[in-house]
Structure formats: structure tokens, C-alpha cells
1. Between their Cα atoms, which of 76/115; 115/142; 60/115 are more than 26 Å away from each other?
2. Using amide H atoms built 1.01 Å from N in the peptide plane, name the residues 5+ places from residue 136, or on other chains, whose amide H lies under 5 Å from its own.
3. Would you please name the GluC sites (Glu not before Pro) within the stretch 82-165 that are DSSP coil residues with at most 14 other C-beta atoms within 10 Å of their C-beta?
4. If you plug each phi of the stretch 104-121 into the Karplus form 6.51 cos²θ - 1.76 cosθ + 1.60 with θ = phi - 60°, what whole-Hz ³J(HN,Hα) values come out, in order, with x for Gly and Pro?
5. Find the percent of Cα-Cα distances in the stretch 54-124 that exceed 16 Å, and round it to a whole number.
6. At residue 102 and residue 143, where each label point lies 7 Å from the Cα along Cα→Cβ, what is the point-to-point distance in nanometres?
7. Can you list which of the trypsin sites (Lys or Arg not before Pro) found in the stretch 84-152 are DSSP loop residues with at most 13 other C-beta atoms within 10 Å?
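Readers should treat all values here as calculations from the given coordinates under stated rules, not as data from a laboratory. Here the structure is a predicted model, which means the values were calculated and not measured. All Cβ positions, glycine included, derive from the backbone under ideal geometry; neighbour counts span all protein chains shown.
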Amino acid sequence: MSKFNIKIGKCDGAVLIGDSANLTIGATQGIPQEQHVPRETTTTTVHSPCQETGDDINYKAKSGYVLVINNYIFPKRPDGERHWSGEDVKGLKSLFDDFNFTTKIYDNLEQREIKGLLQDTSEKDFGRYDCFVCVILSHGSKDRIYGTDDISINIEAITSCFFAK
């Protein structure tokens, strides 16, 4: 079974992937690993030290903390459910388990719950980890992610929780 093959041009800030895009996160060299990212907007935020070699980043995290928010039930929408989201979460969990990362998964959060979880998470001590990854599987638009209550949160509000204060 294939996994993600992730390449990120920068090491700080946020990477926003959506609409049938493929996502690349550093894997062991020589092992091709790729998987399709769901059509809904997915945000991955990575904060870790890195070395750039040309256009690629050469960094191996030995430990990491992964926060996954999986919104798949939207009671106020006619389509109501994001099908196959559970499979995406299983794939992400398997991927990060292979890296021996700690993974926390939260399902079906309203906008205020997302904000609260992100704020609480940003206040944790991640000193024992090499990196932090945040994946949000949900409906979204150009610069917004939606909670299950169909109220949006701006991408900048999400990423600003994790910038040095």
C-alpha cells in the first residue's frame, strides 16, 4: 500500500492543499510513497528545524505530534456527509504511526470547538517532539475551513495559533 510522499518548499508557516491535489511530506529516500488528498481543503502546519538543499528540504524528524480534525457530518448541508473521510483518516494514522508520531484525532467539531482545540493545543509543551503537524479534513473555501455548524474559520486564524508569541 502506498503512503504520502511529501515535499514542502518551506519549513515554517502553513501549507494549504485542496481540490484533488497531491501532498508531499518527507519520507525515507528511495521509497516512493504517495496518496491522494481529499477534495475538501486540508491544512498541514509544520514547525520544525530543517536544512534546505537546492529546492528540497533534507530533514528527518524522529518524533512528532499530529493533530487531525476530521469533519465529515454537516447537518445544515444538503449533502450532509463527506464520504470516505474515514478512509483518509485511517491512511493518515497509518502514515504517522509508521513515523512513530503521536496522533490525536477529533471528529465533527463546530467552529468554536476547532478554535478552542487549536488554542489549547498551541499552549501545550511540545519540547519533546521534533515537529508538529495539523491536518484538518473538512469543507472549505479559498482561505477558510468550515466547522460542522457551517461557520467558517480563516486559515490565518488557524495558523496564527502556532506562531511564536
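1. On the way: 76/115 20 Å; 115/142 19 Å; 60/115 30 Å.
The pairs that break the limit, which is 26 Å between Cα atoms, are 60/115.
2. For residue 136, the qualifying residues are 43, 69.
3. The qualifying sites are 123.
4. 10, 10, 10, 10, 6, 9, 6, 3, 5, 5, 4, 4, x, 5, 5, 5, 4, 5
5. Numbers: 1513 of 2485 pairs.
Within the stretch 54-124, distances greater than 16 Å cover 61 percent of Cα pairs.
6. 3.4 nm
7. Values: sites: 90, 93, 104, 112, 115, 124, 128, 142, 144; in loops: 124, 128, 142.
In loop regions of the stretch 84-152 (DSSP not H, G, I, E or B), the sparsely surrounded trypsin sites (Lys or Arg not before Pro) are 124, 128, 142.
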